[in-house]
Structures are given as C-alpha cells and as structure tokens.
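Heads up, the thing below is written out as structure tokens.
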Protein chains: 2
Amino acid sequence: MSHTLGAREAQKQQTRRALLDAGLRLLENQSLSSLGLREVTREVGVAPAGFYRHFRDMGDLGVALVAESLGSLHAMIRAILAEQDDAEEVIAHSVRLIALHVRDHRPHIRFIARERHGGVQAVREAIAAELSLFADEVAEALGTQPVAQGWSPEDVHMLAELYVDRMLTTAIAFMEAPADDTAAEEGITQRARKELYLIHLGRRHWLDT
Amino acid sequence: MSHTLGAREAQKQQTRRALLDAGLRLLENQSLSSLGLREVTREVGVAPAGFYRHFRDMGDLGVALVAESLGSLHAMIRAILAEQDDAEEVIAHSVRLIALHVRDHRPHIRFIARERHGGVQAVREAIAAELSLFADEVAEALGTQPVAQGWSPEDVHMLAELYVDRMLTTAIAFMEAPADDTAAEEGITQRARKELYLIHLGRRHWLDT
DNA sequence: TCATCCAGTAAACAGCTGTTCGCCGAGTTG
DNA sequence: CAACTCGGCGAACAGCTGTTTACTGGATGA
C-alpha cells in the first residue's frame, strides 16, 4: 500500500516521524507517563494542537514507539535463529549481534526497558504482546532442532521465554553501559556468553532423568 | 537509637509513613516521575508545604521506598539461602516463598519493577545498588556450597546474578498476575521451577569440559 | 480552473503544578 | 512556669498542562 504517496501525505509522515523522534529523545531522561504533549510539540516546532492530527494521546504515541522499537529487534532475532553452527559459536555471534543492535538503537532499548513495566497500560500491553510473539517464534525454531527431541511443548516454550528474557536483559545491560566504555561492554559480553552457555548445558541434560 | 521517641517525633514518623503509603498507593497506576507532590499530600490530607518536612523532593521519597521494598526482600533471600535440602526441594520452596512474598508486598514489587529502569536516576541507582548487594550475598552463599568447588569467583558471581535476576523476574510475574487467579499463579510456579531446575542442571555440568 | 480537503495555526480555557513565606500552637526542655 | 523548637498550615507566586475552537492556505482531484 501507499506506493506513491503524494507530497501532502509525505509531509504528514515527516511531521509524524519528527514527533516520534522528539518523543524518543525526550524519553531519555523521563518516563512516558510524565512526558507532556506540549513538550513534544515544542521540541519539534509544531503547535500543540497539531499533535492530534497524528496521535490520540501520549499513550498512542507510545504504542507506535513500541512497534518501531521491537520491529527492528524482530529482524535481529530471525538472524540469530537462522544460525546452524555449534553452540558456542551461536552464542558468541548472538551476543555480538545484540551489542551491535544496542549501539544502533540505544534510545529504543531504553524505551522498552523503561516502559515494559511502566505507568501506561496500553504500552505495557503492547510490549508484552510483542515479547510473547518473540517467544512463540523462538519456541518454533527450537522445536525443529534435534536437541529438542523428546521435549514437551511446554518445556520448549519455557526455554524460549528464558532465552528471550536473557536477550532482553543483555540488551538492557549494554544499553546502560556508558556510551563508549569498551571495558564495560567486554565484561557484559563475557557474562552474557557464560549465562547462555550455562543454560545450554542445562538444556543438553534436561532429559537425563 | 531512638528507643523511646517522644510523642512529637512519633507523630512525625506517622505522617512520614502516611506519605510513603500514599505514594506507593498512587504509584499503582503511574510512575514516579509523573507522581505529583500535591497529589501525595492531598491523598494524606496534609498541606503541600508539609511534604518538605519529610522529603527534599519526590526522588527522595522514591529512594526511601526502595530501601523499604528491598529491605523486606533481603530477609526472604536469607531464608532461601539457608536451605540445605536437595535441589528440587530448595527450588520448590524458594518459588513458594517468592509467591507468598509477592502476595504480601505486591505494591512494593510493582514499584521496583517500574522504577528499576524508570525515569528517576537516584531511584534507579538505589535499586541497582541494592540488587548488587543481593548478588554479592548470594555469591558468597554459593561459594561455600560443595557444588561450587573448582569454580572461578567470576563464574560464581555470574551464577549469583543469574539467580537474583530470575527471582526478580519470577516475583514480577506473580505481581502481574490478577489478584486471585490461582490458575495463573500455578502456571508461573511451574515455569519458574523448570527454569531454576534447568539452571541447576547447567550448574552441575559446568565443569564437564 | 474551481471546489474540496486537511495538516498545521493561534488564541483562549480552566485547572493544575512546585516552591516560598510567615504564622500558629502543641511538645519539649531548662 | 517560661523559653524554645518545629511539624503542619494557608495563601500567594509564576508557570505550566491538555483540549477546544475557528482559522488559513497549499496540495488534491473533477
């Protein structure tokens, strides 16, 4: 849809983008439920009333940011799941991918971390729904792997949720590290690898009785 | 200190408690950075100016809530660490303890979940510091266990952080479940046990090379 | 070309916010 | 009993908030 959007629609989308970007920028030091409509429009250089041409309210803008933030993560997860090397290689590569993703999308990750349990219900629910989809996707991928033979579907899903949770936690750890503190990043990388490897070991011995 | 506190000081503490309680109550549906000073004093029935007799600002009140929220968790963690049964018993008991704790302190857990990555720096730092202490405590307890022989201190600490993180995640899951949905609680219990057991398996085989 | 659409505007609205001030009066102290 | 301390009060401050209203003027489509 909207192959060739008129100049009219194009400018509207541009303003919308500016609003989303300004919101994300302002959310670096506060949470969504304290972010003001006027604050955002002022940052963009638009009249307050103009906000309503794009969003019903701040929660609405928040939900849009969720889709944007977790949409890009989706691609990353698919890339990780496509791996077929041995465990340690997959783990190392995954952690590296997460670090790169955070480097390029730090404000988005901060937003997700902050609003996952934040004060705006609609946003919480949007994040929970997306993360649930991630878990389903990971579970499906895990199910096809030979290591998962003999596993009950519930156990596979439990493992998928554990992986998703660890990935998000690792991403948040990278996000909280100072902008170019390579030593801190290295420490986080090491710990994340060990955690994932420990889980991998548990996974190997899950059916040992 | 303060064995026998005068009637004057006693009433002051009572007002302080009322402010903290009102704050916690109001934080059920919003985050700290959007909680207003007047909102809190109105809820208590105190003049706005009275707030400053107890707290410098809202961040200050938030830090007080952190100490209160994680202080009670401290006792719970000590109880869990004192266990000496076999793994499955310890796990089952731990998860049961967490569920009970959340039942009795739901608003506190909600507060920690919401503000751990929230918009108020001082509160984020207070929570991070307390959780770091938890991890140290768990690491020390793990170090004395026979299973940990041959482990490097870094690996022990990684495992401790993983445990603390899982406990908090489980607590948050219980907190988010509807108030008396026993089916949901049972599901969370099952999953938490499996996760912890999987980590336990990984732990047993950590030194297998 | 001309009527229609609609993103963005400026102004006004009532209502809220944090913070400061001087004051009161009960609890404490000597 | 007198002097003092100090938690809580009421009023006032400037400044901010979300939302509605009627409007303008450039892109759109017949």
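The values are calculated or read from the model by the stated rules, or taken from the named source; none is laboratory data. No experiment lies behind these values; they were computed from the predicted model shown. All Cβ positions, glycine included, derive from the backbone under ideal geometry; neighbour counts span all protein chains shown. Only protein heavy atoms, including side chains, enter the accessible area calculation; ligands, DNA and RNA are left aside. Shrake-Rupley method; radii C 1.70, N 1.55, O 1.52, S 1.80 Å.
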- request: Please work out which residue is farthest from DNA strand C (Cβ to nearest atom), limiting yourself to region B:34-64 and to residues that are closer than 23 Å to B:Ala126 by Cβ and exposed (fewer than 13 other Cβ atoms within 10 Å of the Cβ).
  value: B:Arg53
Residue, farthest from DNA strand D (Cβ to nearest atom), within region A:20-48, restricted to residues that are assigned to a loop (DSSP other than H, G, I, E, B) and closer than 13 Å to A:Phe111 by Cβ: A:Glu28
task: Report yes if some residue within region A:65-87 is within 13 Å of chain B (Cβ to nearest Cβ), away from DNA strand C (no atom under 16 Å from the Cβ) and surrounded by 13 or more Cβ atoms within 10 Å (Cβ to Cβ); otherwise report no.
output: yes
message: Just to be sure before I move on: is A:Phe51 among the aromatic types (Phe, Trp, Tyr), touching a residue at least 24 places away in the same chain (Cβ under 8 Å) and in a helix (DSSP H, G or I) in the structure I sent?
response: yes
- request: Quick one: in region B:6-33, of everything that is among the basic types (Lys, Arg) and within 23 Å of the chain's Cα centre (by Cα), which residue is farthest from DNA strand C (Cβ to nearest atom)?
  value: B:Arg17
- request: Please state which one of A:Glu195, A:Glu125 is in the same structural domain as A:His74 (by TED's automatic domain parsing) and buried (at least 18 other Cβ atoms within 10 Å of the Cβ).
  value: A:Glu195
- request: Determine which single condition B:Asp21 fails, assuming it passes every other condition in (1) farther than 18 Å from A:Ser34 by Cβ; (2) open to solvent by 70 Å² or more (accessible area, probe 1.4 Å); (3) of a type in the set (Asp, Glu).
  value: (2)
